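All remarks here apply to the structure that follows.
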Amino acid sequence: MAEPLSLLTVHAHPDDEASKGASTVAKYKAEGVRTTLFCYTCGEHRDLHTPPTHPPAVRERIDEVRRDELALAAQIIGYDRVALLGYRDSGMPDSEANADPRCFAKADPDEAVGRLVEVIRAERPQVI
């Protein structure tokens with residue numbers, strides 16, 4: 001018996017799932033393909049593109065807001081699984097965010113790749 005079809009997308013941070021390939025993932029999900037989203041960071045340092053709609057209370061809990069946005073986007077697109085690794089957003093070179101030892105830019109490459117390999121082995125996607 002052939003393995004079930006599986007698709008894995010890999011992104012640096014939340015909102016990429018909505019802007020990079022969402023319609024492709026939704027199409028394959030509608031055809032019965034198992035879909036998994038792998039995301040290295042939580043999006044804490046992403047720009048707020050519409051600042052007037054983001055009061056200070058939103059900025060103060062941006063981590064929670066980004067996780068909620070990701071969960072809703074994943075549900076709408078049709079992801080079966082979201083593997084959120086939890087590294088901090090890195091920001092631009094020489095930024096304060098990039099100096100944070102928890103940021104993705106400071107991650108041990110073997111650990112970061114190893115965590116992706118764990119998901120690949122668990123999901124066994126035909127397409128990444």
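The values are calculated or read from the model by the stated rules, or taken from the named source; none is laboratory data. As the structure is a computational prediction, the values presented were derived from the model and not from experiment. Cβ placement follows ideal geometry from the backbone for every residue including glycine, while neighbour counts extend to all protein chains displayed. All accessible areas refer to the heavy atoms of the entire protein, side chains included, with ligands and DNA or RNA removed. Shrake-Rupley method; radii C 1.70, N 1.55, O 1.52, S 1.80 Å.
Structural remarks
- Heavy-atom accessible area per residue - the chain, 1.4 Å, Å²: 62
- The modelled label-to-label distance for the pair D110/S95, using points 7 Å beyond Cα in the direction of Cβ, is 3.0 nm.
- Normalised by the number of residues in the chain, the average gap of Cα pairs under 8 Å and 6 or more apart makes the relative contact order 33 percent.
- Amide N of the stretch 54-70 lying under 19 Å from the label point, which is placed 7 angstrom from the Cα of L85 along Cα→Cβ: 67, 70
- Share of carbon and sulfur in the accessible area of the chain stands at 55%, probe radius 1.4 Å.
- Seen against the Cα atoms of the chain and their longest principal axis, helix 109-123 is set at about 40 degrees.
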